[in-house]
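Here's the structure we're looking at; comments come further down.
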Amino acid sequence: MTQPPCVGTVDADVRELRAADHLLLELAAELGLPEDAFGCTHLVRGERPRVVLSFATTTRTAFEETARRLAAKGYEVTAGAPDGVGRAVVYPGASGLTGTVTIAELLARSAIGRVVVLGAPGEPPPDQLVVTRDHVRPQWQDGELVLTLMPAVGGVLVPFEVPDPTPCCADH
């Protein structure tokens, strides 16, 4: 699936990725986004580093309704995405990517168009098992949603991004 044509950005002045994920999921649930909608996080660097959110829909009507509802909640929506490499948190099929699935199931059940495995050439076989850890965050790359996986114990693959990362220097 390619990126939807109607995109808007919300800068809620969030500084941490986990907080942005939480806010995005909360807003998506409250807004009742259409099934084909996307919600992504984008890292903004510079003088004021932060994480902004983008919402994308396939129709202008759905986008205008989403923007209207966000504005009613006090959020300003600017047209367009901040970049082309958003990290998808809400996307078609995301809620069904739980437990262990095959590559074929992952691709068939969701908007993810392709998977790559760190350190491996080509794509993994369709019957390769993926332990999702109920946390699947693909990224847009050249207009396609791509999930990066990595090998794990037992010959399975897992998403590169872990659901609960250990903060830097947590043991100091």
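Some points to look at:
- Computed [θ] at 222 nm, helices only, for the chain once each DSSP H run of length n ≥ 4 contributes -39500 (n - 2.57): -6500 deg cm²/dmol
- The chain: angle of helix 60-72 to the longest principal axis, Cα-based, in degrees nearest 10: 70
- Going from the residue with the fewest nearby Cβ atoms within 10 Å to the one with the most, 40, 6 rank 6, 40.
- Counting only DSSP beta bridges whose two residues both lie in the chain, roughly 85 percent are antiparallel.
- Loop-located trypsin sites (Lys or Arg not before Pro) in the range 68-172 whose Cβ has at most 14 other Cβ within 10 Å (DSSP): 73
- Most mobile of 51, 153, 101 in a GNM of the chain (Cα contacts under 10 Å): 153
- What separates the Cα centres of the range 8-39 and the range 66-112 is a distance of 9 Å.
- For the range 6-90, the alpha carbon convex hull comes to 83 Å³ per residue, rounded to a whole number.
- Within the chain: Cβ-based charge dipole about Cα centre, in debye rounded to nearest 20 (Lys, Arg +1; Asp, Glu -1): 160
- Shown for 95, 54: other C-beta atoms within 10 Å of each C-beta, ranked fewest to most, produce the order 95, 54.
- Restricting attention to the range 94-159, close to 65% of DSSP beta bridges with both partner residues there are antiparallel.
- Net lengthening on full extension, residue 114/residue 162 (0.36 nm per residue, minus Cα-Cα): 15.4 nm
All of the numbers you see were taken from the coordinates with simple rules; none came from a lab. These figures come from a predicted structure and were not determined experimentally. Neighbour counts run over all protein chains shown; Cβ positions are idealised from the backbone, glycine included.
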